[in-house]
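Below: the structure, in structure tokens.
The values are calculated or read from the model by the stated rules, or taken from the named source; none is laboratory data. What you see is a predicted model, and the numbers here were worked out from it, not measured in a lab. Positions of Cβ are backbone-derived with ideal geometry, glycine not excepted, and every protein chain shown enters the neighbour counts.
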There are 2 protein chains.
Amino acid sequence: MRITDLDTPAVLVDVDVMERNLRRLGDYCAEHSLRLRPHTKTHKIPELARRQIEHGAAGITVAKLGEAEVMADAGLPGILIVYPLFGAAKWRRLTALARRTDVTVACDSVEIASGISAQARQDGVTVGLLVEFDTGFGRCGLPIDEFSLPAARRIRELPGLEWRGVLVYPGHIMGTASEREVLLNRENETLSRLMELLKSEGIDCLIVSGGNTPAAFLSHRFVGVNEIRPGTYIFNDKNTVCAEAASWGDCAVTVLATVVSTSVYGKAIIDAGGKTFSGDSLLSGDRQGFGHVIGHPEILVEDLSEEHGHLRLGGSRLKVGDRVRVVPNHVCTCVNMHDRVYGVQREDVVAEWEVAGRGKVR
Amino acid sequence: MRITDLDTPAVLVDVDVMERNLRRLGDYCAEHSLRLRPHTKTHKIPELARRQIEHGAAGITVAKLGEAEVMADAGLPGILIVYPLFGAAKWRRLTALARRTDVTVACDSVEIASGISAQARQDGVTVGLLVEFDTGFGRCGLPIDEFSLPAARRIRELPGLEWRGVLVYPGHIMGTASEREVLLNRENETLSRLMELLKSEGIDCLIVSGGNTPAAFLSHRFVGVNEIRPGTYIFNDKNTVCAEAASWGDCAVTVLATVVSTSVYGKAIIDAGGKTFSGDSLLSGDRQGFGHVIGHPEILVEDLSEEHGHLRLGGSRLKVGDRVRVVPNHVCTCVNMHDRVYGVQREDVVAEWEVAGRGKVR
């Protein structure tokens, strides 16, 4: 089947570009002896997670317990759930999962660690545990100071849990390449303080987990970090390009769309809106628009209705029935809108993958 | 089952509030002899579309052909596809649909109308047709001037199509109640011009379709409009409330979420982010935040990560494990993130509905 045989809108994954992205980061991690545990929230497709393992990943990361179950069903190893799981229903599912595969969870509270511990003890299983610290993103994670150490110590001593180390999320290491350099220096002061605190308490860490896509190739310079879990790098997107961390040629995912109306002067409307791209704003560069139309730098995707993409043509001409391919702002939320995506090589459709982890919100 | 038995995050539909919303608009349309064809993109659930028919709707509206097929499978009548469908694959599916149920499509180009016409003639079926005109929203629709009349005339004469009239989308009639009054006056000048143009050409219109939720109860004052297709009114959302078109008590949908982290000072993190709410910004009021936490006006949902909702507590206290219910900014895109939602009455879970039209992107 050819791309021209697909109806629109459709999410296309350029397999050659994806393989090159996987190989590049795999090689980088091997060179620097960094363990790679890619975040599969970007694709939620077991087959692509397997490709990541084949390119050297030591395991995978997920955000939701339901995603972990999907990946375990498909035989993926070394699953890290980088999310604080709360409540009896989830703790029971977690221990059931731990019975059949190696699983590590991250959390930042004694409440959650205790709940997991009690369930693990009751069910006679062991769950790996990382404690999250906040290096400045301000989302989850204990503050990096001595007042957090009693909590870390208590969690470390809970039965049913296997202490594996600490986790940070450097989501604030973004902006342009030069901005990231400044932020990295500040981050390393924070990480050094964390390493000192842990050492002073005699808290050993098999794993110090960090990493995101914009700073992926700086990972060897983060103090103490020995494992990374970037997600977007497999595909890249407009956010990554505008953050100077990839080129358009490194973007593996495009939305194939058709022009359905040109009645409004200066505009063309495509059959892909917020329910195809997700409505996520651009978080880097000039923060303008909702995607990049391949081969048409003059076109601005100026707005998204639910099912309409508004192209401001900027002098180019498109007619009803023309097709375009658009790199989304944020590929993780774009793929998450779809039940299936298509693998392509040049003009051929070579695969169709179910986004098996989509909709596993719990 | 009680709400407390549900795991989180979960989308709850308060059935009593929904029924009141349905009755109110149904009564209003009956009083003003307006045909109601609600846009089911808001819920994509056949059972709720049936409730709309029971409350007086003459048919339903959908955005995608795949949604139309789901609704037809469930026996819903009078389907309007308010989207310009392009391409042989869709035209074949459309005529297959027209063979088993009454279907009307909207478009604004001779290209698309001709394609549908040719397929309908080949397959020996008739498809209802509305031509869209642009009253100022600037998305789809022919300009309202004499140069558009030849296209309208050509479309009207195509075989295989049954001319049913015209369609407008007053998506720009928004803002506060007083702002909408001003916009309505301007809109009526535009609509009067359209009615005059059509009359001068002898183009009769069985249907003049308009209507959105913010202006739903002004519909009887739109010149010429005899049918409306609001969507959001069944549930309402923060956008509707901030546009002074509903109260919080009129919001039928809330996201039930659990606090999973309180480690960062002044914040609480809930287990519902952009992949639960959708990342849609607030389009009315102060345009701040990503939802309204019921019972906590002091809390700002200041940011959404993919799976984390960032609550700025504003002096209130929440602890890990606490549950909150949050009215989303935009309920149509929120429900669209989910495979199923729960109907509730007071504290009881009384229904579980599959969002059967979700993911039907083509």
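When you check A:Asp7 against the structure, is it more than 13 Å from chain B (Cβ to nearest Cβ) and more than 17 Å from the chain's Cα centre (by Cα), yes or no? It is false that A:Asp7 is more than 13 Å from chain B (Cβ to nearest Cβ) and more than 17 Å from the chain's Cα centre (by Cα).
Residue check: is A:Asp286 surrounded by fewer than 21 Cβ atoms within 10 Å (Cβ to Cβ), within 14 Å of chain B (Cβ to nearest Cβ) and of a type outside the set (Gly, Ala, Ser)?
no
Within the range B:118-165, restricting attention to residues that are β-branched (Val, Ile, Thr) and assigned to a loop (DSSP other than H, G, I, E, B), which residue is farthest from B:Val208 (Cα to Cα)? This residue is B:Val125. Of the residues screened, B:Val344 is one that is away from every other protein chain (no Cβ under 12 Å), crowded, with 21+ Cβ neighbours inside 10 Å and among the β-branched types (Val, Ile, Thr).
Go through the residues of the range A:74-90 one by one and say whether even a single one is among the basic types (Lys, Arg) and surrounded by fewer than 22 Cβ atoms within 10 Å (Cβ to Cβ). No: the range A:74-90 contains no residue that is among the basic types (Lys, Arg) and surrounded by fewer than 22 Cβ atoms within 10 Å (Cβ to Cβ). When you scan the range A:148-181, how many residues do you find that are within 11 Å of another protein chain (Cβ to nearest Cβ) and out of contact with any helix residue (DSSP H, G or I) (no Cβ under 7 Å at 6 or more places or on another chain)? Residues meeting the conditions: 3.
Annotation note: of A:Val301, A:Val327, the sole residue that is free of Cβ contacts under 8 Å to residues at least 40 places away in the same chain and of a type in the set (A, V, I, L, M) is A:Val301. Whether a residue is in the same structural domain as B:Ser200 (by TED's automatic domain parsing) and over 24 Å from A:Ala272 (Cβ atoms) was assessed, and B:Ala113 does not pass this test.
Based on this model, can you work out whether B:Val105 counts as of a type in the set (A, V, I, L, M, F, W, C) and more than 22 Å from the chain's Cα centre (by Cα)? Judged against the criteria, B:Val105 is not a match. So, of the residues in the range B:289-305 that are surrounded by 21 or more Cβ atoms within 10 Å (Cβ to Cβ) and under 28 Å from B:Lys44 (Cβ atoms), which turns out to be nearest to the other protein chains (Cβ to nearest Cβ)? Within the range B:289-305, the match that is nearest to the other protein chains (Cβ to nearest Cβ) is B:Leu304. Taken over the range A:256-294, the criterion of being without any contact (Cβ under 8 Å) to a residue 12 or more places away in the chain and farther than 19 Å from A:Thr232 by Cα is satisfied by A:Ser263, A:Val264, A:Tyr265.
Within the range B:51-80, residues that are over 13 Å from B:Val105 (Cα atoms) and more than 14 Å from chain A (Cβ to nearest Cβ) have Cβ atoms under 7 Å from residues that are of a type in the set (Gly, Ala, Ser) and in a helix (DSSP H, G or I) in these pairs: B:His55/B:Gly26; B:Gly56/B:Gly26; B:Gly56/B:Ala30; B:Met71/B:Ala49; B:Leu76/B:Ala49, counting only partners at least 6 apart in sequence or on another chain.
Taking (1) buried (at least 22 other Cβ atoms within 10 Å of the Cβ); (2) not assigned by TED's automatic domain parsing to the domain that holds B:Thr333 in turn, B:Leu218 satisfies each apart from (1).
For (1) at pLDDT 95 or above; (2) in contact with a helix residue (DSSP H, G or I) (Cβ under 9 Å, 6 or more places away or on another chain); (3) over 16 Å from B:Ala152 (Cβ atoms), each residue gets a yes or a no:
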| position | (1), (2), (3) |
| --- | --- |
| B:Arg186 | yes, no, yes |
| B:Leu191 | yes, no, no |
| B:Met195 | yes, no, no |
| B:Glu201 | no, yes, no |
| B:Ser209 | yes, no, no |
| B:Ala215 | no, yes, yes |
| B:His220 | yes, yes, yes |
| B:Asn226 | yes, no, yes |
| B:Tyr233 | yes, yes, yes |
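Return yes or no: is A:Gly128 crowded, with 17+ Cβ neighbours inside 10 Å and modelled with pLDDT of 95 or more? Taking the combined requirement at face value, the residue satisfies it.
Within the range A:261-281, can you find the residues that are among the hydrophobic types (A, V, I, L, M, F, W, C) and either surrounded by fewer than 24 Cβ atoms within 10 Å (Cβ to Cβ) or within 7 Å of another protein chain (Cβ to nearest Cβ) (or both)? Hits for the range A:261-281 are A:Val264, A:Ile269.
When A:Val301 is tested against the conditions (1) at positive phi; (2) modelled with pLDDT of 95 or more, the lone failure is (1).
Screening B:Val110 against (1) in contact with a strand residue (DSSP E or B) (Cβ under 7 Å, 6 or more places away or on another chain); (2) over 22 Å from B:Lys360 (Cα atoms); (3) within 13 Å of chain A (Cβ to nearest Cβ); (4) among the aliphatic types (A, V, I, L, M) leaves a single unmet condition, (1). In the range B:27-41, the residues that are over 12 Å from B:Tyr233 (Cβ atoms) and assigned by TED's automatic domain parsing to the domain that holds B:Val62 reach residues that are basic (Lys, Arg) and surrounded by 22 or more Cβ atoms within 10 Å (Cβ to Cβ) with C-beta atoms within less than 8 angstrom, at least six apart or across chains, in these pairs: B:Arg37/B:Arg229. If the requirement is being assigned by TED's automatic domain parsing to the domain that holds B:Ala151, under 21 Å from B:Leu218 (Cβ atoms) and more than 16 Å from the chain's Cα centre (by Cα), which of these qualifies: B:Gly56, B:Gly75? Result of the check over B:Gly56, B:Gly75: B:Gly56. Considering A:Ile203, A:Ile173, the condition of being within 30 Å of A:Arg287 (Cβ to Cβ), in a loop (DSSP other than H, G, I, E, B) and among the aliphatic types (A, V, I, L, M) is satisfied by A:Ile173 alone. The condition of being free of Cβ contacts under 8 Å to residues at least 40 places away in the same chain and away from chain A (no Cβ under 14 Å) holds for only one of B:Leu191, B:Leu184, B:Leu206, that being B:Leu184.
Restricting attention to the range B:1-27 and to residues that are in contact with a helix residue (DSSP H, G or I) (Cβ under 6 Å, 6 or more places away or on another chain) and of a type outside the set (A, V, I, L, M, F, W, C), the residue that is surrounded by the fewest Cβ atoms within 10 Å (Cβ to Cβ) turns out to be B:Asp7.
Of the listed requirements (1) within 18 Å of the chain's Cα centre (by Cα); (2) over 24 Å from A:Val255 (Cα atoms), A:Pro38 misses just one: (2).
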